[in-house]
Amino acid sequence: QVQFVESGGGLVQPGGSLRLSCEVSGIRVNLWTMAWYRQAPGKQRELVADISALGIINYADSVKGRFTISRNNAKNTVYLQMNSLKAEDTAIYYCYPLGYSGTDWGQGTQVTVSS
C-alpha cells in the first residue's frame with residue numbers, strides 16, 4: 001500500500017525556519033520525481049519543489065533561495081527545509097510524486113507563518 005505521511009509543520013514567526021518530512025511507503029523515493037506541493041486557503045494546490053530520480057531539483061520562483069528539497073533513500077523519506085519564512089508561505093504542505101495517480105494524497109502538514 002502506497003502512503004505519504006507528512007510532518008514537521010507548525011506555527012513560526014516570519015523569518016523563521018521549519019523542516020518538513022514525508023515518510024513514504026510502498027514506492028521508492030529514489031525511483032520517482034518526488035515533489036512538495038502546498039495549498040493555501042481559497043487557492044489551488046501549487047508545486048513548490050521537486051527532486052528527480054537523478055537528483056535534478058526544481059523550485060517555484062516564490063521559494064527559490066529559501067527552500068531546499070532533499071531525500072534520504074535509506075529512510076525512504078523526502079524533506080523540505082524552509083528558511084526565511086513569509087506569511088505567504090502559510091499553507092498545508094503535501095508530498096506526492098509527479099505524474100503519479102495510484103493512491104490518495106496524505107493529510108499534509110500545516111505551516112502557519114505569523115507574528
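The values are calculated or read from the model by the stated rules, or taken from the named source; none is laboratory data. These figures come from a predicted structure and were not determined experimentally. In case anyone asks, the SASA skips ligands and DNA or RNA and just uses the protein heavy atoms, side chains included. Shrake-Rupley method; radii C 1.70, N 1.55, O 1.52, S 1.80 Å.
Excluding ligands, DNA and RNA, what is the solvent-accessible area per residue of the chain at a probe of 1.4 Å, expressed in Å²? Provide the component values of the computation, followed by the final result.
Working: 6110 Å² over 115 residues.
Value for the chain: 53 Å² per residue.
Note the full-extension length gain between K64 and D104 as 0.36 nm times their separation in residues minus their Cα-Cα distance, in nm to one decimal. Before the final figure, lay out the partial values.
Values: separation 40, 0.36 × 40 = 14.40 nm, distance 2.78 nm.
Gain on stretching K64 to D104: 11.6 nm.
How much length, in nm to one decimal, is gained on full extension between Q13 and A40, taken as 0.36 nm per residue of separation minus their Cα-Cα distance? Intermediate values should be presented prior to the final figure.
Details: separation 27, 0.36 × 27 = 9.72 nm, distance 1.72 nm.
Full-extension gain reported as 8.0 nm.
So for region 36-115: antiparallel DSSP bridges make up what percent, rounded to the nearest 5? Provide the component values of the computation, followed by the final result.
On the way: 19 of 19 bridges.
Percent antiparallel among DSSP bridges in region 36-115 is about 100.
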